[in-house]
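The structure appears below as structure tokens.
The values are calculated or read from the model by the stated rules, or taken from the named source; none is laboratory data. Keep in mind that this is a model prediction, so the values were computed, not measured. Virtual Cβ from ideal backbone geometry, glycine too; neighbours counted across all protein chains shown. For accessibility, only protein heavy atoms count, side chains too; no ligands or nucleic acids. Shrake-Rupley method; radii C 1.70, N 1.55, O 1.52, S 1.80 Å.
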Amino acid sequence: MIDMATLFAGPSAAMMLGDFGADVVKIEHPRRGDPSRGHGASVDGVGLWWKTLSRNKRTVALDLSKAEGQEVVKRLLARSDVLIENFRPGTLERWNLDPRDLLAANPRLIVARMTGFGQFGPMAGQPGFGTLAEAMSGFAAMTGEPDGPPTLPPLALADGIAGLAMSYAVMVALRERERTGRGQVIDMAIIEPIMGLLGPQMSAYKALGAVAQRTGNRSSSNAPRNTYRTRDGRWLAISTSAQPIAERVMRLVGRADLVERPWFATGAGRVAHVDELDEAVASWIAERDAKEVVAAFEEAQAAIAPIYNVKDIAEDPQYAALDTFIDVPDPELGSVTMQNVLFRLSDSPGRVRWAGRPLGHDTDEVLAELDITPEKRAELRELGVIA
């Protein structure tokens, strides 16, 4: 698999596939590298985000704007299963890497194209990032307090969702190739996958003219659902999506009378009386310490969780039991802690074989596999094509 994408959405898809055995070759500009190397926290100038995002990838520094670099990548793609790229539409074509030509040379290739707005349409040529997808999808309009501004997430949410969607799309295309023997082109716009998680907003708009409003931590589908502060200053989150859970919560907080009301039998009915429900739950929790509240909810088999920061996560026994975080040996940092693979397979588990490597770390190894001689590699290095 060739990962020519930059920053987060495309590279995260390649990372997830690499976690489960894909041989991923990460191609970067020989002088600039992937911008994600400089994002977020770093230790002695070594980016920690990069260490996770490019784990299990071999790194090749190759200038695709030069004809010699294009010839090298064509040789790589002729023997590869998947290409992931996220350049603006027309960039591959300008570099003599038109997907039609790539598929003609390797009919089994999957060309996964990740862009902000897709390969066609009035905005196709514009730069696109996850922030714009969070804005245009309806997510930001729905997020925040009712009397506050639309709120963007403090993380690359749309990029992460698009990365998950692209890894799924690649697997679907590979499965289809098993049936037909042919590869194909995947066109994914980052503005689209996030909308799949926002519920039937378009269905409700077309059928009812409904436009979702900001509800803070409350839900428009069920109640009570909110964050609540305890006597000792901790914050707890409660969800009552299932009717039996909602009934257990209200009985626990001493308001069994509300369970008997006709409106309590549906999520919509409870939402219509959310102030009354929230007041009952909030006042009960506010009179108790967090440890007591959590124990009472667990005994009642009602759903509750503390609001964690990363320190809390590091100390949580459930995450420890799941091996959610692992320490990966690294030649630059000695060791780096990162999240483990996303799920556990009983017969073919994924694993982190190494953390993200320095720029161009595997260039010679990968080019040698293409039978490019040391003399030719030295020439390419002199021309600035590789590093």
Filter the stretch 49-72 for residues that are part of a helix (DSSP H, G or I) and out of contact with any Ser or Thr (no Cβ under 8 Å at 6 or more places or on another chain) and give the result. 51, 52, 67, 68, 69, 70, 71, 72
Qualifying positions in the stretch 373-387 - of a type in the set (Gly, Ala, Ser) and in a loop (DSSP other than H, G, I, E, B): 384, 387
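To keep it simple, each residue is scored yes or no on (1) of a type in the set (Val, Ile, Thr); (2) modelled with pLDDT of 95 or more; (3) in a loop (DSSP other than H, G, I, E, B).
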| site | (1), (2), (3) |
| --- | --- |
| 275 | no, yes, no |
| 279 | no, yes, no |
| 284 | no, yes, no |
| 288 | no, yes, yes |
| 293 | yes, yes, no |
| 298 | no, yes, no |
| 305 | no, yes, no |
| 308 | no, yes, yes |
| 312 | no, yes, no |
Just give me the residues in the stretch 319-372 being open to solvent by less than 90 Å² (accessible area, probe 1.4 Å), outside any loop (DSSP other than H, G, I, E, B) and in contact (Cβ under 8 Å) with a residue 24 or more places away in the chain, in sequence order. 326, 328, 330, 336, 338, 339, 363, 366, 367
Hey, any hits in the stretch 8-24 for a residue that's more than 16 Å from the chain's Cα centre (by Cα) and without any contact (Cβ under 8 Å) to a residue 60 or more places away in the chain? yes
Give me the residue from the stretch 100-128 that is open to solvent by 20 Å² or more (accessible area, probe 1.4 Å) and among the polar types (S, T, N, Q) and, out of that set, nearest to residue 82 (Cα to Cα). 119
Any residue at all in the stretch 129-142 that is β-branched (Val, Ile, Thr), under 26 Å from residue 220 (Cβ atoms) and open to solvent by less than 50 Å² (accessible area, probe 1.4 Å)? no
Suppose we filter 75, 32, 79 for residues that are open to solvent by 50 Å² or more (accessible area, probe 1.4 Å), at pLDDT below 95 and not in a strand (DSSP E or B); which single one remains? 32
Can you tell me which condition residue 234 does not meet? The list is (1) over 33 Å from the mean Cα position of the chain (by Cα); (2) farther than 21 Å from residue 221 by Cα, and all the others hold. (1)
Which numbered condition in (1) open to solvent by less than 10 Å² (accessible area, probe 1.4 Å); (2) in contact with a Ser or Thr (Cβ under 9 Å, 6 or more places away or on another chain) is the only one that residue 19 fails? (2)
What about residue 162, is it within 27 Å of residue 309 (Cα to Cα), outside any helix (DSSP H, G or I) and modelled with pLDDT of 95 or more? no
From the list 179, 214, 251, pick out the single residue that is of a type in the set (Lys, Arg) and touching a Ser or Thr at 6+ places or on another chain (Cβ under 9 Å). 214
Which of the residues belonging to the stretch 205-242 are more than 25 Å from residue 144 (Cβ to Cβ) and either in contact (Cβ under 8 Å) with a residue 60 or more places away in the chain or open to solvent by less than 50 Å² (accessible area, probe 1.4 Å) (or both)? 242
Of everything in the stretch 293-318, what is open to solvent by 90 Å² or more (accessible area, probe 1.4 Å) and without any contact (Cβ under 8 Å) to a residue 24 or more places away in the chain? Give them in sequence order. 298, 299, 310, 311, 315, 317, 318
Counting just the residues of the stretch 82-94 that are farther than 24 Å from residue 132 by Cα and surrounded by fewer than 17 Cβ atoms within 10 Å (Cβ to Cβ), which one comes out nearest to the chain's Cα centre (by Cα)? 93
Given (1) at pLDDT 95 or above; (2) open to solvent by less than 60 Å² (accessible area, probe 1.4 Å); (3) of a type outside the set (Phe, Trp, Tyr); (4) part of a loop (DSSP other than H, G, I, E, B), residue 150 misses just (2)
